[in-house]
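Notes follow once the structure below has been shown.
The values are calculated or read from the model by the stated rules, or taken from the named source; none is laboratory data. In this text the structure is predicted, and so the values were computed from the model without any measurement. Reconstructed Cβ throughout: ideal geometry from the backbone, glycine too, with neighbour counts over all protein chains shown.
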Amino acid sequence: MIRNYFKIAWRNLLKNRGFTAINIIGLSLGIGCFIIISMFVIDELSYDRFHEKANRIYRVDADIIMGGTELNLAVSSDPMGATLKKDYPEIEEYVRFYASNGPKLIKKGNEFIRESAITHADSTLFNVFTLPVIIGDTKTALVEPNTVVITETAANRYFGSPKLAIGKMLETDDNGKTLYKVTAVIEDMPKTSHFNFDFFFSMANVSYDFGTYLSHNFHTYVVLKEGTNHKTFNNHFIEVIDKYILPQAKQVMQIESMDDFKASGNKLEYSLMPLTDIHLHSARYAEISPNGSIQYVYIFSAAALFILLIACINFMNLTTARSSGRAKEVGIRKVLGSEKKALIWQFLTESTLIAGLALVVGLFFVWLSLGWFNSISGKELEFFSLLTPKFVIFILLLPFVVGGLAGVYPAFFLSSFKPIKVLKGKLSTGHKKNSLRNFLVVFQFATSIVLIVGTIVIYKQINHIQSANLGFNKDHVLIVDNSGVPRETRQSIKNEIEQLADVKSASFGGYLPVANSSRSDNTFSMDAVMTESNSFNMQTWRVDYDYIETVGIEVLDGRMFSRDFGSDSTGIILNETALKLTGFENPIGKKLYSTERDGTVITNTIIGVIKNFNYESLRENVGALSLKLGNNSWETIYRFNTADIGGLLSTIENKYKAAAPGMPFKYQFMDEAFDDMYRQERRVGTVALAFSLLAIIIACLGLFGLATYIAEQRTKEIGIRKVLGASVTTIVRMLSTDFVKLVMLAFVIATPIAWWFMHKWLQDFAYRIELNWWIFAITGITALAIALITLSFQAIRAAIANPVDSLKTE
Amino acid sequence: MLLRLSQATKEVKNGSEKIALLDSIDLKVEEGEFISLMGPSGSGKSTLLNCIGMLDSFTDGGYVFLEEPVHSMKEKNKSKLYKEYIGFVFQAYHLIDELTVQENIETPLLYKNIKSSERKAMVADMLDKFNIVGKKDLFPAQLSGGQQQLVGIARALISKPKLILADEPTGNLNSKQGIEIMELFSQLNKEEGVTIIQATHSESNAAYGSRIINLLDGKIVTD
């Protein structure tokens, strides 16, 4: 029986090649898209699950509000882990990462390579995380100072193989020069980890003022004992604050109790973040790497499902529309004794067969487009990862699910024909009012319209961000990393380059308004004695005399730092937000006080006010910020003025290479670094664009098929109308009107839905575009135009046909 | 007795009007009869055949088939009944275009859940009997009308029905083909005892039957 079904299904597919092609292309696009997104979603959901204790590992996060500044940190203080383990038996183990010092230069032969996948870690690393070792003893690997554990890749890069690496020394630029002994080589970490280090250096080599609870610089992970609830455990942090943190805080500022602290609007809270939630649910300050977002996982999943649904709808519409072609067969089979059930199974077999073929083509699409998808999504998905048992089962089930979904309605529809009707009279279901089919067309177009509106809004918002008035000038600025350059020579190189005609100005700086630049949050008070009510927090950036000019920040009041004034080392420049926090009417000359860790109070004199500039993502409003003179020279920034950027770059590179031989020359342009902050938005934009294109293509395929069929169905009617004198235009209009109405209805339904979604999405941005009516208007007109072009293709063909032919064949 | 109709009536609504397609038909059919239904277009021949074949149902009156009251039967049981005992032959042959001759003939057996080997044997017999072995792998479109009707009859016979209902079986055929088909019917009726009811316009075709029933406006005029 099933063979008979397959046989007839196959012959039917061959007989109606056009419809088969439309059905299979539509479904395969849907299926391909669905598979890629499934791969993406499964990859996103699999982060950090490879650790044996994954469901018991938690990161200690801190939420702080001080003087109106809010900080949500992925790091906590250095004694936190040890304190928790000492005081609470529920804590089985802890480990800390210290990655705040940034990249290291590591010597290979005579060259230094800049390695950024590095951290310092406690020796307990392997008690917490599952990092399979290739060679060496992980129990003792990081106990001693000057030890390092490296991955296989790093071992191959520096020594040729793990075996050759073990016991060898690695030279780094720590404190000028520090040697580390390789004590273990581990396997490369899976990509699906929120941290991906190649070098784990011993924590003993970190030069840090250990023991302070008030600075948060360590990523701290704890393992809870089996059966411990992390939410309940969070309550213990109140005790930790009282017992350890408050006493230290009292020394620095005048705090009596946590209640006082809170009463003045401040906050200090710690909590445990489940390891497996970090990748999708954590977007905190000082994340080890930028995380994914559950929101985008949802959006992508929904889009993939909808596209699959649109493709299924095509199938339903086309199959039911051409039902009269199958009606005779249904009638005969019923007369020959077939029950309805058998026919339903037959049609379901057929739709499953089509879905199976579509799956094959869809997999081919996946294979074709995976590279492209990887490049826009930043993933490294591999086609052959589909061969894992789970995926194979999933993929094998897909034709049945899709076939069932797409086939069940046509199956019931077709199998319900009364044999006497179809065998006698002519059954024409094609152009009859079919409210379900209309509903499905509306659904397809409404979905497409929502996707198109989404794409336009995302693109507009990204453009808006990139062209927004930032308060500084990001163009024509080169940032050169100085970490390879000896401190003594940095000034001379800078002076030399500043002399070039194409360079307008140059400045040292570690603090820049781009992602991954340094930040420093400090507390200031209005009076010399700090209380929690007269103090507030703001960013304090140490810059040099030329910073404001080089970055292109506007001075609103007072002046910028100047070499002509001897007292500028105590001078401070505020931005508008910071000025508001002080409440000063005439700020110039007023004093602000800050306290060093040793208790020394420093008096700062306000010498200028600058315009607010965006130094964080445009999702946020500009926070309070102050500039002070400093002499950090981690980076040098050059503002240049030339069209020949390549020439200038090579001139500068040569100067650096000459001054610091063997060191990598690492640079970036500020506008590119800035754009990097919105990489995720741009990725989403590109994916959204792809999705909307797919959706509209599939929907149009369906419309094309329907139009073809209906034109075919009405051939005789068209012939008669033409004989009676109808013009081509009237006939095209007659054939298109119904569909145009449906597309317009879809537009009416889609508009509020699209508006609501995009309105919500835009709420994430402090600086956002307006949802203009014309975005919707353009989308509506586009959808209508595309639909009309699709339709007219068939309608015109039907209308210009010679009526003599059509009437003769009927 | 094969079947009996008593006061069987079929009415349809046309707007607010009720039209009787069949009006109080009384009819008894014995096994082995070869009945020809005659009458002009619209006299109700086809409707009567469809109702007897249970593809359609009377709106009033009684219908007993092999002692079973069809008029009070559920759709499913009716379907079982005609699947078992009734074969249909149509004017337009109604073969499944996508199936070969052999597969078309085999189809009714699929719905009776007969084993593959047995099916093969039965189909082979039938092909042999109708002398169309050489055409078994052709599709309907590759056959002449007469050959298609031959396949249609073979298909109707394969499940060994007690009753064959033929609606203008030669209507689409030329006279030579028509005669062949009618002789085949006659032979089946005489040699195998299959009961046949055919609807026809043609006096000469009707003459093959053992009994002629004339219909006009849904009523039996002569029997």
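Here is a yes/no grid of residues against (1) at pLDDT 95 or above; (2) closer than 30 Å to A:Thr540 by Cβ:
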{"residue": "A:Gly32", "(1), (2)": "no, no"}
{"residue": "A:Asp43", "(1), (2)": "no, no"}
{"residue": "A:Val60", "(1), (2)": "yes, yes"}
{"residue": "A:Gly67", "(1), (2)": "no, yes"}
{"residue": "A:Asn72", "(1), (2)": "no, yes"}
{"residue": "A:Ser76", "(1), (2)": "no, yes"}
{"residue": "A:Gly102", "(1), (2)": "no, yes"}
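If I ask for residues that are on the phi > 0 side of the Ramachandran plot and either at the interface with chain A (Cβ under 9 Å from one of its Cβ atoms) or out of contact with any Gly (no Cβ under 7 Å at 6 or more places or on another chain) (or both), which ones from region B:85-100 would you list? So that I can check it myself, show each step before the final result.
Going through region B:85-100, the residues on the phi > 0 side of the Ramachandran plot turn out to be B:93-94.
If the condition is that a residue be on the phi > 0 side of the Ramachandran plot and either at the interface with chain A (Cβ under 9 Å from one of its Cβ atoms) or out of contact with any Gly (no Cβ under 7 Å at 6 or more places or on another chain) (or both), then B:His94 is the only one that fits.
What's the total number of residues in region B:49-91 that are in a strand (DSSP E or B) and either over 12 Å from the mean Cα position of the chain (by Cα) or among the aliphatic types (A, V, I, L, M) (or both)? Give the derivation first.
Taking region B:49-91 as the starting set, the residues that turn out to be in a strand (DSSP E or B) are B:60-65, B:68-69, B:86-89.
Within this subset, residues satisfying the condition of being either over 12 Å from the mean Cα position of the chain (by Cα) or among the aliphatic types (A, V, I, L, M) (or both) are B:60-65, B:68-69, B:86, B:89.
Residues in region B:49-91 being in a strand (DSSP E or B) and either over 12 Å from the mean Cα position of the chain (by Cα) or among the aliphatic types (A, V, I, L, M) (or both): 10 in total.
Check B:Val29 against each of (1) surrounded by 22 or more Cβ atoms within 10 Å (Cβ to Cβ); (2) of a type in the set (Val, Ile, Thr); (3) away from chain A (no Cβ under 14 Å) and name the one condition it does not meet.
With (1) surrounded by 22 or more Cβ atoms within 10 Å (Cβ to Cβ); (2) of a type in the set (Val, Ile, Thr); (3) away from chain A (no Cβ under 14 Å) applied to B:Val29, the lone miss is (1).
Evaluate region A:416-439: report whether one residue or more is in contact (Cβ under 8 Å) with a residue 60 or more places away in the chain, away from chain B (no Cβ under 14 Å) and of a type in the set (Phe, Trp, Tyr).
No: region A:416-439 contains no residue that is in contact (Cβ under 8 Å) with a residue 60 or more places away in the chain, away from chain B (no Cβ under 14 Å) and of a type in the set (Phe, Trp, Tyr).
If only one of B:Leu109, B:Leu49 is closer than 25 Å to A:Gln346 by Cα and either within 14 Å of chain A (Cβ to nearest Cβ) or touching a residue at least 40 places away in the same chain (Cβ under 8 Å) (or both), which one is it? Steps first, answer last, please.
Values: B:Leu49 fails: closer than 25 Å to A:Gln346 by Cα.
That would be B:Leu109, the only listed residue that is closer than 25 Å to A:Gln346 by Cα and either within 14 Å of chain A (Cβ to nearest Cβ) or touching a residue at least 40 places away in the same chain (Cβ under 8 Å) (or both).
Condition test on B:Asp97, is it more than 24 Å from B:Thr195 (Cα to Cα), in contact with a helix residue (DSSP H, G or I) (Cβ under 7 Å, 6 or more places away or on another chain) and not in a helix (DSSP H, G or I)? Before the answer, list the steps.
Values: more than 24 Å from B:Thr195 (Cα to Cα): yes; in contact with a helix residue (DSSP H, G or I) (Cβ under 7 Å, 6 or more places away or on another chain): yes; not in a helix (DSSP H, G or I): yes.
Yes: the conditions hold for B:Asp97.
Going through A:Gly608, A:Gly552 one at a time, which residue ends up being closer than 30 Å to A:Leu762 by Cα, touching a Phe, Trp or Tyr at 6+ places or on another chain (Cβ under 9 Å) and among the small types (Gly, Ala, Ser)?
Numbers: A:Gly608 fails: closer than 30 Å to A:Leu762 by Cα.
Sole residue among the options that is closer than 30 Å to A:Leu762 by Cα, touching a Phe, Trp or Tyr at 6+ places or on another chain (Cβ under 9 Å) and among the small types (Gly, Ala, Ser): A:Gly552.
Give me the residue from region B:73-84 that is more than 10 Å from chain A (Cβ to nearest Cβ) and free of Cβ contacts under 8 Å to residues at least 12 places away in the same chain and, out of that set, surrounded by the fewest Cβ atoms within 10 Å (Cβ to Cβ).
Of everything passing the filter in region B:73-84, B:Lys74 is surrounded by the fewest Cβ atoms within 10 Å (Cβ to Cβ).
Do we have A:Phe400 as more than 30 Å from B:Ile158 (Cα to Cα), loosely packed, with under 14 Cβ neighbours inside 10 Å and at pLDDT 85 or above here? Reasoning before the result, please.
Details: more than 30 Å from B:Ile158 (Cα to Cα): yes; loosely packed, with under 14 Cβ neighbours inside 10 Å: no; at pLDDT 85 or above: yes.
No; evaluated as a whole, the condition is false for this residue.
Any idea which of (1) in contact (Cβ under 8 Å) with a residue 24 or more places away in the chain; (2) under 18 Å from the mean Cα position of the chain (by Cα) is the one A:Gln763 doesn't satisfy?
The single condition A:Gln763 does not satisfy is (1).
Please go through region A:341-378 and pick out each residue that is of a type in the set (D, E, K, R) and surrounded by 19 or more Cβ atoms within 10 Å (Cβ to Cβ).
Residue satisfying the conditions is A:Glu350 alone.
What are the pairs with Cβ atoms under 9 angstrom where one residue, in region A:1-17, is more than 9 Å from chain B (Cβ to nearest Cβ) and more than 21 Å from B:Lys112 (Cα to Cα) and the other, located anywhere, is basic (Lys, Arg) and outside any helix (DSSP H, G or I)? Sequence gap at least six, or different chains.
Taking only residues 6 or more apart or on different chains, the pairs are A:Asn16/A:Arg322.
Tally up the residues in region A:273-305 that are in contact with a Leu (Cβ under 8 Å, 6 or more places away or on another chain) and surrounded by fewer than 21 Cβ atoms within 10 Å (Cβ to Cβ), please.
Taking region A:273-305 as the starting set, the residues that turn out to be in contact with a Leu (Cβ under 8 Å, 6 or more places away or on another chain) are A:280, A:284-286, A:291-294, A:297, A:303.
Pick out the ones that are also surrounded by fewer than 21 Cβ atoms within 10 Å (Cβ to Cβ) and you get A:280, A:284-286, A:291, A:293-294, A:297.
Looking only at that region, the number is 8.
Confirm whether B:Ser6 is assigned to a strand (DSSP E or B), polar (S, T, N, Q) and crowded, with 20+ Cβ neighbours inside 10 Å. Explain how you work it out, then say what you get.
Working: assigned to a strand (DSSP E or B): yes; polar (S, T, N, Q): yes; crowded, with 20+ Cβ neighbours inside 10 Å: no.
Judged against the criteria, B:Ser6 is not a match.
Any residue in region A:230-247 that is touching a residue at least 24 places away in the same chain (Cβ under 8 Å) sitting within a Cβ distance under 8 Å of a residue that is among the acidic types (Asp, Glu) and crowded, with 16+ Cβ neighbours inside 10 Å? List the pairs, counting only those 6 or more apart or interchain.
Hits for this filter: A:Phe233/A:Glu90.
Residue check: is B:Ser46 outside any strand (DSSP E or B), polar (S, T, N, Q) and farther than 30 Å from B:Asn174 by Cα?
Judged against the criteria, B:Ser46 is not a match.
Which of (1) under 21 Å from A:Ile610 (Cα atoms); (2) without any contact (Cβ under 8 Å) to a residue 60 or more places away in the chain; (3) not in a loop (DSSP other than H, G, I, E, B) is the odd one out, the single condition A:Asn463 does not satisfy?
If we test A:Asn463 against (1) under 21 Å from A:Ile610 (Cα atoms); (2) without any contact (Cβ under 8 Å) to a residue 60 or more places away in the chain; (3) not in a loop (DSSP other than H, G, I, E, B), just (1) comes out false.
Give, as residue ranges, the helices (runs of 4 or more DSSP H) completely inside region A:229-343 that count at least 1 residues that are within 14 Å of chain B (Cβ to nearest Cβ) and modelled with pLDDT under 85.
A:323-335
Are there strands (runs of 3 or more DSSP E) fully within region A:469-544 with at least 1 residues that are within 25 Å of A:Gly662 (Cα to Cα)? List them.
Values: elements: A:477-481, A:503-508, A:521-525, A:535-543.
Result: A:477-481, A:503-508.
Out of A:Ile37, A:Ile91, which single residue is β-branched (Val, Ile, Thr), in contact with a helix residue (DSSP H, G or I) (Cβ under 8 Å, 6 or more places away or on another chain) and under 20 Å from A:Asn291 (Cα atoms)?
Only one candidate qualifies: A:Ile37.
Only one residue in B:Val133, B:Val70, B:Val64 is among the β-branched types (Val, Ile, Thr), away from chain A (no Cβ under 14 Å), surrounded by fewer than 21 Cβ atoms within 10 Å (Cβ to Cβ) and closer than 19 Å to B:Pro161 by Cβ, so which one is that? Give the steps one after another, and end with the answer.
Details: B:Val133 fails: closer than 19 Å to B:Pro161 by Cβ; B:Val70 fails: surrounded by fewer than 21 Cβ atoms within 10 Å (Cβ to Cβ).
Matching residue, one of B:Val133, B:Val70, B:Val64: B:Val64.
Exactly one condition in (1) within 14 Å of A:Tyr638 (Cα to Cα); (2) without any contact (Cβ under 8 Å) to a residue 60 or more places away in the chain; (3) surrounded by fewer than 20 Cβ atoms within 10 Å (Cβ to Cβ) is false for A:Asp546; which is it?
(3)
What residue, among those in region A:168-187 that are touching a residue at least 40 places away in the same chain (Cβ under 8 Å) and touching a Ser or Thr at 6+ places or on another chain (Cβ under 6 Å), is farthest from A:Thr153 (Cα to Cα)?
A:Thr172
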